[in-house]
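Single-structure report; data block below.
Please treat every number below as a calculation from the coordinates, not as lab data. Please read all numbers here as calculations on a predicted model, not as lab measurements. Neighbour counts run over all protein chains shown; Cβ positions are idealised from the backbone, glycine included.
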Amino acid sequence: MKKFNRREFLKTTAIAGAGTAFAHYPGMAFSQSMGGNAPFSDYKALVCVFMFGGNDAFNMLVPRSNAEYAVYQQSRQNMAVAQEDLLPINPLTPDGADYGLHPSMTALQGLFEQGQVAFVPNVGPLIEPTTKADFLNQSVQLPPQLFSHNDQQDQWQSLRGTDQSSTGWAGRMADLIRLNVVDQQLSTNISLFGNALLQSADETIAYVMGNTGPVEFSFFSNSGDPNDPLYQQRLAFERVINAQYDTVYERAFAEVQRRAVNSVDLVTDALAQAPMLGTVFPQSQLGNQLQTVAQMIAVRDVLQMERQVFFVATGGFDTHDDQVQNQPDLLGGVSDAVRAFYDATVELGISDSVTTFSSSDFGRTLTSNGDGTDHGWGGISFVTGGAVAGRDIYGIYPDLALGSADDVGGGRMIPTTSADQYAATLASWFGVDQADIPVVAPNIGNFAAQDLGFFI
């Protein structure tokens, strides 16, 4: 039988009780500190948009110039986006090629041209820099179970390499800064898509919300009406969780339940004070999540929040079949929702303090399987926000010729930028001390550049 320590027990019971978990547990020690534990004097938020299934990113950002497009078309065949349909973009730092976005991503194209979006090409999990020869000769450490959905989702969110750690990089980041945000009334990490490995930590327990707000306890109400049976059930439940218990497990379970109840009340009351936003969000799962994130950011002062990491997600990107038919809706949905969210941060006057970034399991094969594509490796991510040094591409766009030095077979691209470098850049902007970056991104010491430079 597996033995549970207190932290594991708290996490398990938090999930079992109302689908929410709450903030920090007083008295828990953490070995790392940051900035002499001085309180932050500003507010910053990171928003992770995870595209589950493996986004075919080489149809998202596509070479548009004739020579480069010809190579792309030859490799992609029936998966290629027509050259004349690509939405042109004009990066500030040319690399000799022209690029365009998928025709469904007009919203993101406009944001890029305004200078609020940066792209990071051919990024993915790496333990150390890897060439094709290294891969074929197995002469370097590789992320385990390449091309596997679950494993690569875990790699992107944990950056653990071959380590068996169960923490995510945003979770470790929250632990690092927990002594800098002592007045926050809610956890630094908030998920709107269930329990995310990205936010798993040793000390900080993420708060889990629904798409449109707190996950309510279904068996009682907070009406205050003594004649309301559901309110009476709440009072009975509170008597149970506020009782004195003898064992550590009973006390821990009661503690988690109290915090779950309190967090629902806290967030519900705070959101009741949120201003009505004029920004119109798409009526989609991702649109609803990002609208709720915007509302949570709007009440940051009510909750005394200084640092927040939000996790939102959307699925359907495992396009083994019907890719040509389905990809426009998938990419268009992300583009429209992300643009609406950015516009909402402008409306709230907070755009310079909020950064949205994308991740996905992996890129996909350049080659077609007939009606779709298969699991790849390197992909393309985007970063958007007022603090982003946008309208540019950070990193090396790969050679899309089949059999090139970037192709390990079937058009699977070896990443030329690591997920550790990507996360380290985000963590530095968030306020993590440079000395603590290896805690967030454990493999960063293997790479020459710790910061990709996509912030102003």
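Per the Cα gyration tensor, the stretch 59-119 maps to an equivalent ellipsoid with semi-axes of 20, 14, 8 Å, ordered largest to smallest. Rounded to the nearest 0.05, what FRET efficiency is calculated for GLN138 and GLN283 with R0 set to 45 Å and r the Cβ-Cβ distance? E(calc), rounded to 0.05, equals 0.40. Annotation for LEU402 and ILE456: the two label points, set 7 Å from Cα along the Cα-Cβ direction, are 4.5 nm apart. Pairs of alpha carbons in the stretch 85-185 separated by more than 18 Å make up 67% of all such pairs.
Based on every Cα atom in the stretch 306-417, Rg and the maximum pairwise Cα distance Dmax equal 16.5, 50 Å.
Working note: Debye formula, equal point scatterers on the alpha-carbon atoms of the stretch 161-286, no solvent; log10 I(q)/I(0) at q = 0.21 Å⁻¹ is -1.32.
Exposure proxy for ILE350, ILE205, ILE456: other Cβ atoms within 10 Å of each Cβ, ordered fewest to most, give ILE456, ILE350, ILE205.
For the residues ARG76, ARG391, ARG251, ARG259, what sequence is obtained by ranking on other C-beta atoms within 10 Å, fewest first?
Neighbour counts put them in this order, fewest first: ARG251, ARG391, ARG76, ARG259.
Of all DSSP bridge pairs formed entirely within the chain, close to 45 percent run antiparallel. Projecting the Cα atoms of GLN273, TYR249, SER284 onto the charge dipole of the stretch 246-291, computed from C-beta unit charges around the Cα centre, puts SER284 farthest toward the positive end. Descending by average beta-carbon neighbour count within 10 Å, the peptides 278-289, 378-389 line up as 378-389, 278-289, the highest first. By the Kirkwood approach, averaging reciprocal distances over each pair of separate Cα atoms, the stretch 263-315 gets a hydrodynamic radius of 12.0 Å. For the stretch 373-456, a Kirkwood radius taken over Cα pairs fed into Stokes-Einstein (25 °C, viscosity 0.890 mPa s) yields D = 172 µm²/s. A dipole drawn for the chain from +1 and -1 charges on Cβ atoms has a positive end, and of GLY124, VAL215, GLN109 the residue lying farthest that way is VAL215. FRET efficiency for the ARG258 to GLN77 pair, using the beta carbon distance and R₀ = 60 Å, is estimated at 0.55. Considering the stretch 92-151 at the alpha-carbon level, its Rg and Dmax are found to be 16.9, 45 Å. Rounded to the nearest 0.05, what FRET efficiency do GLN244 and VAL182 give with R0 = 41 Å and r taken as the Cβ-Cβ distance? Could you check? Once the sixth-power term is evaluated, E becomes 0.90.
Paramagnetic label reach from GLU347 (point 7 Å along Cα→Cβ; backbone nitrogen cut-off under 20 Å): within the stretch 359-386, residues 384-386.
Translational diffusion coefficient of the stretch 278-369 (Stokes-Einstein, Kirkwood radius from Cα pairs, 10 °C, 1.306 mPa s): 107 µm²/s.
Loop-located chymotrypsin sites (Phe, Trp or Tyr not before Pro) across the stretch 176-282 with a Cβ neighbour count of 10 or fewer within 10 Å are PHE219, with loop assigned by DSSP.
For ILE380, nonlocal amide neighbours, meaning residues 5 or more places apart or on other chains whose placed amide H falls under 5 Å from its own, are ALA57, ASN122, VAL123.
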